[in-house]
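These notes are about the structure you will find just below.
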Amino acid sequence: MPDIAIVGAGISGLHLALRLQQAGATTTVYAERSAEEVAAERPLSLPVRFGSTRQRERELGVSHWDGAENDTHGVNFVAPPESGIRFFGRLDEPASGVDLRFYLPRLTADYLERGGRVEVLRPDAAEIDRVSRDHDLMVVASGRAATTGLFPRDPDRSPYTEPQRVLTAGLFHGITPTEPGWIHFQVSEAGEIFSTRILTAEGPVHGMVVEALPGGPLEQLASHDHAGDAAGFEKTLLALVAEYAPELRERITDSEFGIVRPGDVIQGGLTPTVRRGWTTLPSGRVALALGDAWVVNDPLAGQGANLGSRCAFELAELIVAGGPFDAGFAERAADRLWRIAEPVVAWSNANVAPPPEHVGEIFATATADPRVADAFVANFNHPAAMWGAIKSPQAAQSWLKGVTAVG
């Protein structure tokens, strides 16, 4: 069996390592930080893992958070009142939100308990090349490795050159949970606000994500000093939620609302980017890009962690099938992974663009027909099907016809 190096201990890297471990391959995970450091740092993101990803966790034997109390069952989609659009759609399988500072150290422990190796490595080009000499194949799944220049931006697959939203996200006390649990997804002329339950090491809290249109009123949150002026940040956030997501504001208790831990806020912007999928290192070894080293999507569609897990399983299958792990293998692997990622990237990019008329028609129909609402929300777990439904007016009409013909 091959000896594989995996740079990065996020969901992509750990799911790949655990899957290869199941197949008997020798692996070493090179992490940017120790598991203890990950547990103590600020949140990296607030991913929701949909049903297919949770099924892969069961296959890996790491489904530590299965249970009705951790389930998210649907999406409550609310547009401005004048639009007349609002609907609740049910997921076909429950989703789940778990703080990565809780999730990743646990998966790292699982990997180590099963005989894996983890070393801390600075993920720059020189270090990646150095350790590659001890392995048959390098897989680089570290987002910070994207700055090494090993995997340059692919302009044909990256239509944006700057962030399309300005992000503020955090973990908060004081938001009343829903029964059953759902994602509140608010759309407004200023951007989007969504919130859902997130399980942390200290127990369940709520994550809130504000996706501000650049230059709009929600953007101010991203530059507010949440650490030095937590009270001012929370007051400003509550005022903006009251104006742009009033239903969510009604679930917030002022006396209990606050940032869970100092620093539990993410601010900034992501430029949606696809990088070249592989390279040949000076050592002569091939390096494949995976996860955030390869594809960065805006979090609005909630697909980052789910795509990373899906591609990790696909790559594990290719590796187990055998080498040689040369440029030909890398080219075939990159092409196969892109077939999985392409509809996800297309849908994610469409989400941050002005909605075309045919997507508005889907939303209007979902408002009137629960079958359409359920089918649309279920496709968060099936991103290729989602893109197939919204990619053109003809596709949307065909999809709507198929959904409404049932029952």
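Any read-out appearing in this document is the output of simple, stated calculations on the displayed coordinates, not a laboratory observation. Note that this is a predicted model, so its numbers are computed, not measured. Cβ atoms come from the backbone with ideal geometry, glycine included; neighbour counts cover every protein chain shown.
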| task | Tell me the label-point distance for the pair Val120, Arg33, using the 7 Å Cα-to-Cβ offset, in nm and rounded to one decimal. | result | 1.1
| task | Averaging sequence separations of C-alpha pairs under 8 Å and six or more residues apart, then dividing by the length of the chain, give the relative contact order as a whole percent. | result | 22
| task | For Thr26, list long-range residues whose amide hydrogen, built 1.01 Å from N in the peptide plane, is under 5 Å from its own amide hydrogen. | result | Ile4
| Three-way shape call for the stretch 252-407 based on the alpha-carbon gyration tensor, with the a/c threshold at 1.5 | oblate
| remark: Highest mean packing first, using Cβ neighbours within 10 angstrom, the peptides 114-120, 31-37 sort as 31-37, 114-120
| field | Projected area, mean over directions - the chain, Cα convex hull, nm² | value | 19.5
| request: Take every Cα pair under 8 Å in the stretch 357-404 that's 6+ residues apart, average their separations, divide by the length, and report that relative contact order as a whole percent. | output: 39
| Prolate/oblate/rounded label for the stretch 166-268 (Cα gyration tensor, a/c 1.5) | oblate
| query | Put a dot 7 Å past each Cα toward the Cβ at Thr176 and Glu189; how far apart are the dots in nm? | reply | 3.0
| said: Using each residue's phi in the stretch 225-237, evaluate 6.51 cos²θ - 1.76 cosθ + 1.60 at θ = phi - 60° and report the 3J(HN,Hα) Karplus result to the nearest Hz, with x for Gly and Pro. | reply: 6, 5, 7, x, 9, 4, 5, x, 4, 5, 5, 5, 4
| task | Could you tell me the distance between the Cα centroids of the stretch 307-365 and the stretch 15-43, to the nearest Å? | result | 22
| task | Please give the calculated 222 nm ellipticity per residue for the chain, where each DSSP H segment of at least 4 residues contributes -39500 (n - 2.57) and the sum is spread over every residue; nearest 500 deg cm²/dmol? | result | -12000 deg cm²/dmol
| said: Testing the spin-label approximation: label points 7 Å from Cα along Cα→Cβ at Ala201 and Ile340. State their distance in nm. | reply: 3.0
| message | Can you give me the long-range amide H partners of Gly74? Hydrogens built in the peptide plane at 1.01 Å from N, cutoff under 5 Å, separation of 5 or more residues or another chain. | response | Leu91, Ile183
